[in-house]
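Here is the structure we will look at.
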Amino acid sequence: MNNTAKLKQLNRIRRLTRLMDTAFKVPGLGLKVGLDPIVGLIPGVGDVVSTATSAYIIFLATQFQLPKGMIGKMAMNVGLEFLVGAVPLLGDVFDAFFKSNVRNLALLEAHLQGTSPTLQADDDLDLASVSPSLGEVRSS
């Protein structure tokens, strides 16, 4: 995959991550949430839809030839969010703060910083779209 294709794929992952985890700011609290905790409010179906979207994000990330251990860590992030998210109300609050997709994007970007130096030069976000607090993904 050339740098243009990699950046296109990376930006697709960034957009989905932002949509699921940080798309909206809660007035008065300054907390950013995405569709994940909102969709999770739908009993039975919400957590499955959110987990399927997160699994798709991991699938997109695997196209960067990630080590199996990193893919496992990403899957554990999503699995934890699914398990705790299944608890009514408490799980949705957990989803709003844990942000498994943002965590996984941070893992992917850290991997790419070490393995794709030419990609970093071409990336407008300089492979740092995730803030250190894991609470925000800058849009691309």
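Read the figures in this text as sums done on the coordinates, not as results from a lab. Since the structure is predicted, the reported quantities are computational estimates derived from the model, not experimental observations. Note that we place each Cβ from the backbone using ideal geometry, even for glycine, and neighbour counts take in every protein chain shown.
Per-residue counts of other Cβ atoms within 10 Å, averaged by peptide: what ranking do you get for 21-27, 67-73, 97-103, highest first?
97-103, 21-27, 67-73
In Å, what Kirkwood hydrodynamic radius results for the range 3-122 from the alpha-carbon pair distances?
14.7
Could you calculate the FRET efficiency of T4 with T62 from 1/(1 + (r/R0)^6), where r is the beta carbon distance between them and R0 is 22 Å, rounded to 0.05?
0.70
Quick one: if you take sqrt(5λ) for each eigenvalue of the C-alpha gyration tensor of the range 61-103, what semi-axes come out, biggest first, whole angstrom?
The three semi-axes for the range 61-103 are 24, 9, 6 Å.
On a full-extension model of 0.36 nm per residue, what is the gain between F24 and A55, subtracting their alpha-carbon distance, rounded to one decimal in nm?
Gain on extension, F24 to A55, equals 9.0 nm.
Using a Cα distance threshold of under 21 Å, what count of lysine pairs results for the chain when pairs must be 8 or more residues apart or interchain?
Close lysine pairs found across the chain: 4.
Rounded if a/c is under 1.5, else prolate if a/b beats b/c, else oblate: with a ≥ b ≥ c from the C-alpha gyration tensor eigenvalues square-rooted, which is the range 5-47?
oblate
If r is the Cβ-Cβ distance from Q113 to A75 and R0 is 25 Å, what FRET efficiency results, to the nearest 0.05?
Efficiency, from the Cβ-Cβ distance: 0.70.
Check which residues have an amide H placed less than 5 Å from K32's amide H, if you skip close sequence neighbours.
V26
Computed FRET efficiency, Cβ-Cβ of R12 and A86, R0 22 Å: what is it to the nearest 0.05?
Efficiency, from the Cβ-Cβ distance: 0.20.
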